[in-house]
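What follows draws every value from the coordinates through simple rules; no lab data is involved. What you see is a predicted model, and the numbers here were worked out from it, not measured in a lab. Cβ coordinates were reconstructed from backbone atoms using ideal geometry, including for glycine residues, and neighbour counts include every protein chain displayed.
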Amino acid sequence: MRALAHQLLHAPNSLTPAERELIAAYVSSRNDCFFCATSHGAAATAHFGDPSVVACVTENYLLAPVSAKLKALLQIAGKVQRGGKFVTDTDVNQARTQGATDVEIHDTVLIAAAFCMFNRYVDGLDTMQPRDPALYVEMGKHLAEHGYAEPSGIRS
C-alpha cells in the first residue's frame, strides 16, 4: 500500500505533491479517518508551508486559498468520496474549463478512490492512531521530503 501511495502522491506528475496530498487529506477528512486526514494534512502543510490551507480546504474548499483548478478537482474528489456516479459531466467540464487536463482529472479520481479504500482499511483494522500533533508534523515533513517508499519511523 505504501508503494501505491508513493506513486499516487509523490511520483512525478503534473499535479504537485502538495495538491495531491491536499486531495488525500480532503477525502480522508470527509471519511472521518483521523490518521489519514491528519498525516496527509501534515504532508500538505509541509509542502504549502501554511497549515491554514489544509484547514480551509477541509472546512470549505470553495473559500480556500487554492487555485480555481484545484477547487474544481476537489469538487470531483468530494463526489468520488460519496460514490463515483456522483461525478457529472458538468464537474468534469468545469475542471477542464479551469485548466485541468484529462490526466489530472483521472489522477484526482484515482487518488480519491484509493483514499476511500485506505481510509476504510485503516479504520476497519482499528489501526493505532496517535493523537500527538507533533508526531504528525514530523511525519508530514518526512512524507513531503521522502514520499512513501519507506516508513517514516514515527512511533507514538
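Tell me, for the chain, which Cys residues have no other cysteine's C-beta sitting closer than 4.7 Å.
If one checks each Cβ against the other cysteines of the chain, CYS56, CYS116 turn up with nothing under 4.7 Å.
What distance in nm separates the simple spin-label points at THR16 and ARG96, each placed 7 Å from Cα in the Cβ direction?
2.6 nm
If you average the C-alpha positions of the stretch 3-71 and of the stretch 82-151 separately, how far apart do those two centres end up, in angstrom?
Cα centres, the stretch 3-71 to the stretch 82-151: 7 Å.
Please work out which option in (1) 14.5, 45; (2) 16.6, 58; (3) 15.0, 41 gives Rg and Dmax of the Cα atoms in Å calculated from these coordinates, and answer with its label.
Read-out from the structure maps to (1).
Reachable lysines from LYS141, Cα under 30 Å, same-chain residues fewer than 8 places away excluded?
Within the straight-line cut-off, LYS141 pairs with LYS69, LYS71, LYS79.
May I ask which residue of ALA95, GLY41, PRO65 lies farthest towards the positive end of the charge dipole of the chain, with charges of +1 (Lys, Arg) and -1 (Asp, Glu) on Cβ and the Cα centre as origin?
It is ALA95.
What are the ³J(HN,Hα) values, in whole Hz, obtained from phi via the Karplus relation 6.51 cos²θ - 1.76 cosθ + 1.60 with θ = phi - 60°, for each residue of the stretch 122-139 in sequence order, with x given for Gly and Pro?
With coefficients 6.51, -1.76 and 1.60, one gets 4, 6, x, 8, 6, 4, 4, 10, x, 9, 6, x, 5, 4, 6, 4, 5, 4 Hz.
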